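Below is one structure, written out as structure tokens, with a few remarks after it.
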Amino acid sequence: LLGFARFVLISLFAASLGSGDWWLRQKPDWSQFAHWLGSAAAAIFLFGCWGSGGIPGLQWIFNPFAALALLVLGIGVNFGFAFIGGTSTFASLHTLLSLLALSFQLNEVTLVTATLVCLVGIAFSYRYRWDLHLLLTIAGFFLFVMAYRFLPTSFNSLFGIGCVTAVGLAAGLIHYRKDYQSTTKQALSFAVHLINWSLAGIALGFLATDSKWKTIPIFIAGIGAFLLAKR
């Protein structure tokens with residue numbers, strides 16, 4: 001009960017900051033500060049959700065699936081504020097915070113959840129063409145996958161390969177859209193594109209080390225990269 005009471009207090013504090021965000025958002029001169037208030041509210045609520053299932057003194061949920069469900073709720077609130085914020089700074093901040101919260105309980109379920117988080121983060125780049133945000137998202141996911149790969153216990157490489165493929169393709173296809181067609185060089189876009197394919201290839205290589213079929217997913221990914229590069 002004490003842990004639940006602390007979660008309620010954290011949630012009320014986050015709600016008070018969120019109310020300040022809503023009130024100040026109506027004042028043009030305070031809109032930027034309002035966004036930061038809302039971002040802080042979402043981050044604090046995410047911390048409360050994470051602590052409810054994994055931090056001594058705050059924990060009051062001992063069922064791992066219930067704890068993950070509450071954590072996903074906190075992640076959803078974070079992405080809601082990231083969407084309202086409308087800038088790459090807020091989108092990157094909440095994407096990375098969500099990945100960080102998930103990284104404290106590494107398993108197949110949190111890996112799939114992290115993949116969905118990154119796909120939502122990548123979707124922001126589809127809408128706004130945020131290359132730096134895209135780079136931070138794929139780099140954060142790569143670190144998450146590496147932490148999953150080197151778990152002291154056994155890991156499911158099939159789950160990892162599928163998740164890496166989904167994120168790598170989603171991020172890679174961004175730069176083949178008409179919005180990126182240009183006769184001038186776009187150094188950041190090109191660099192992010194190469195980094196995405198490189199990290200995806202490295203992650204696939206690490207995840208497939210325990211399988212005699214490890215060359216197959218890498219070969220398929222290589223064919224996909226080659227076909228896209230012809231465009």
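The values are calculated or read from the model by the stated rules, or taken from the named source; none is laboratory data. All values derive from a computational prediction rather than experimental measurement. Using ideal geometry, Cβ is built from the backbone for each residue, glycine included, and neighbour counts are taken over all protein chains shown. In case anyone asks, the SASA skips ligands and DNA or RNA and just uses the protein heavy atoms, side chains included. Shrake-Rupley method; radii C 1.70, N 1.55, O 1.52, S 1.80 Å.
Data for the structure
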quantity	calculated
Mean Cβ count within 10 Å, highest first, over the residues of peptides 14-27, 109-122	109-122, 14-27
Shape metrics for the stretch 49-140, restricted to C-alpha atoms - Rg then Dmax, Å	13.5, 42
Rounded tilt (10° steps) of 31-54 against the dominant C-alpha axis of the chain	90
Calculated Rg and Dmax of the stretch 1-81 using C-alpha coordinates, Å	13.8, 45
Choice from SER52, SER98, SER31 with maximal GNM fluctuation in the chain (Cα, 10 Å cutoff)	SER31
Extent along principal axes [Cα atoms of the stretch 150-202; Å; largest to smallest]	49, 17, 10
Portion, in percent, of the accessible area of the stretch 134-206 that falls on carbon or sulfur, probe 1.4 Å	71
Per residue solvent-accessible surface (Å²) - the chain, probe of 1.4 Å	54
Fraction in percent of alpha-carbon pairs per bin - 5 Å, the stretch 136-231	2, 12, 25, 22, 17, 11, 6, 3, 1, 0
Dimensions (Å) - the chain, Cα atoms, principal axes, largest first	54, 47, 18
